[in-house]
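**Student:** The structure follows.
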Amino acid sequence: MIQLESINFSYPNQPPIFQDFSWEVQEGETWAVLGPSGCGKTTLLYLVAGLLFPQAGQVRVGGEALTRPRPHSGLIIQEYGLLPWATVRENARLGLRLREFYGPDGVHSPPDFTPGLDVSPWLERLGILHLAEKYPRQISGGERQRTAIARTLTLEPDLLLMDEPFSSLDAPTRESLQNLTLELQAEQNLTLVIVTHTIEEAVILGKQILLLGDPPNVRPRVIPNPRSGDPRYRDSDAYRALCRQLRAHMEGEKVA
């Protein structure tokens with residue numbers, strides 16, 4: 001699904017963040033990207049989204065080299081990206097409206113796109129149908145994030161990219177949306193890549209954890225986490241042990 005092939009990337013007049021860096025994600029996998037501030041987590045996500053491009057090497061998604069954002073990739077950002085003057089329903093329909101404007105051109109919209117789709121089933125699935133005519137200022141942070149998720153999933157992505165989507169939420173709301181994300185990933189067979197700065201969230205959401213370090217990142221450090229998605233995992237000794245291992249990795253300690 002995702003191949004980064006020997007990429008180099010740096011921002012103008014800055015040292016490299018990625019240098020001859022390769023990484024691969026298979027279809028249907030769930031990955032969490034973890035690391036300290038400034039290590040390149042969000043940069044990596046934007047490279048996969050087609051919003052940034054490497055100076056050398058190539059990024060492929062679905063077997064095709066990225067030259068622009070692809071219609072079947074969905075991106076959910078930290079601050080929701082909702083229009084304050086639009087209702088929940090109108091915000092959830094925003095992507096569909098853009099696709100209807102371009103038509104099924106295969107570039108901005110898939111060639112099999114059908115105009116006039118109803119967002120109500122997704123609002124209901126996400127538990128916010130009763131808020132459809134409310135505005136973002138009238139609903140909670142968790143409800144705003146559910147609206148952003150509905151807007152993305154309405155477009156039927158095969159790749160879901162999430163950039164610290166739950167960082168500003170209280171703990172119970174964050175855990176609820178983490179569980180919901182895993183449910184939706186399994187239902188839709190999505191390939192999921194989520195950037196987080198929270199060790200505990202990475203262990204809950206990623207069956208594979210990509211640990212980035214201080215730039216330049218030269219080779220991926222991957223931590224397998226096969227019990228992610230198990231509803232009993234959060235309260236297990238194995239979960240706590242992996243959290244300790246990752247914390248030690250991030251602090252540069254050796255784990256026996």
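The values are calculated or read from the model by the stated rules, or taken from the named source; none is laboratory data. Everything numeric here is computed off the predicted structure, so don't read it as measured data. All Cβ positions, even for glycine, are placed from backbone atoms using ideal geometry, and neighbour counts span all protein chains on display.
**Student:** Name the single residue that is surrounded by the most Cβ atoms within 10 Å (Cβ to Cβ) among those in region 162-197 being polar (S, T, N, Q) and closer than 19 Å to VAL48 by Cβ.
**Tutor:** Here the answer is THR196.
**Student:** Report, by residue number, each residue of region 10-54 that is assigned to a strand (DSSP E or B) and small (Gly, Ala, Ser).
**Tutor:** Those that are assigned to a strand (DSSP E or B) and small (Gly, Ala, Ser): SER22, ALA32.
**Student:** Another question about this same structure. How many residues does region 159-201 hold that are in a helix (DSSP H, G or I), hydroxyl-bearing (Ser, Thr, Tyr) and within 17 Å of CYS39 (Cβ to Cβ)?
**Tutor:** 0
**Student:** Among the numbered criteria (1) crowded, with 17+ Cβ neighbours inside 10 Å; (2) farther than 26 Å from ALA150 by Cα; (3) touching a Lys or Arg at 6+ places or on another chain (Cβ under 9 Å), which single criterion is violated by GLU200?
**Tutor:** Tallying (1) crowded, with 17+ Cβ neighbours inside 10 Å; (2) farther than 26 Å from ALA150 by Cα; (3) touching a Lys or Arg at 6+ places or on another chain (Cβ under 9 Å), GLU200 fails exactly one: (2).
**Student:** Being within 28 Å of GLN208 (Cβ to Cβ), modelled with pLDDT of 90 or more, of a type outside the set (D, E, K, R) and surrounded by fewer than 18 Cβ atoms within 10 Å (Cβ to Cβ) narrows it down to one of GLY62, GLY74, so name that one.
**Tutor:** Going through GLY62, GLY74 in turn, the sole match is GLY62.
**Student:** Another one. Looking only at region 97-140, which residues are surrounded by 13 or more Cβ atoms within 10 Å (Cβ to Cβ), at pLDDT below 90 and small (Gly, Ala, Ser)?
**Tutor:** Within region 97-140, SER109 is the sole residue that qualifies.
**Student:** Please work out if ARG227 is farther than 17 Å from TRP122 by Cβ and modelled with pLDDT of 90 or more.
**Tutor:** Judged against the criteria, ARG227 is a match.
**Student:** Within region 211-222, take every residue that is in contact with a helix residue (DSSP H, G or I) (Cβ under 8 Å, 6 or more places away or on another chain) and in a strand (DSSP E or B) and give me the one that is surrounded by the most Cβ atoms within 10 Å (Cβ to Cβ).
**Tutor:** The extreme case among them is LEU211.
**Student:** Taking the residues in region 23-52 that are crowded, with 16+ Cβ neighbours inside 10 Å and in contact with a helix residue (DSSP H, G or I) (Cβ under 7 Å, 6 or more places away or on another chain) as candidates, determine which candidate is modelled with the lowest pLDDT.
**Tutor:** GLY35
**Student:** Separate question: Checking the structure you have, find out if any residue of region 76-83 is of a type outside the set (Asp, Glu), in contact with a strand residue (DSSP E or B) (Cβ under 6 Å, 6 or more places away or on another chain) and at positive phi.
**Tutor:** No - not one qualifying residue is present in region 76-83.
**Student:** Sort out which residues of region 223-237 are surrounded by 15 or more Cβ atoms within 10 Å (Cβ to Cβ), at negative phi and either assigned to a strand (DSSP E or B) or among the small types (Gly, Ala, Ser) (or both), and write them in order of number.
**Tutor:** Answer for region 223-237, where residues must be surrounded by 15 or more Cβ atoms within 10 Å (Cβ to Cβ), at negative phi and either assigned to a strand (DSSP E or B) or among the small types (Gly, Ala, Ser) (or both): ILE223, SER228.
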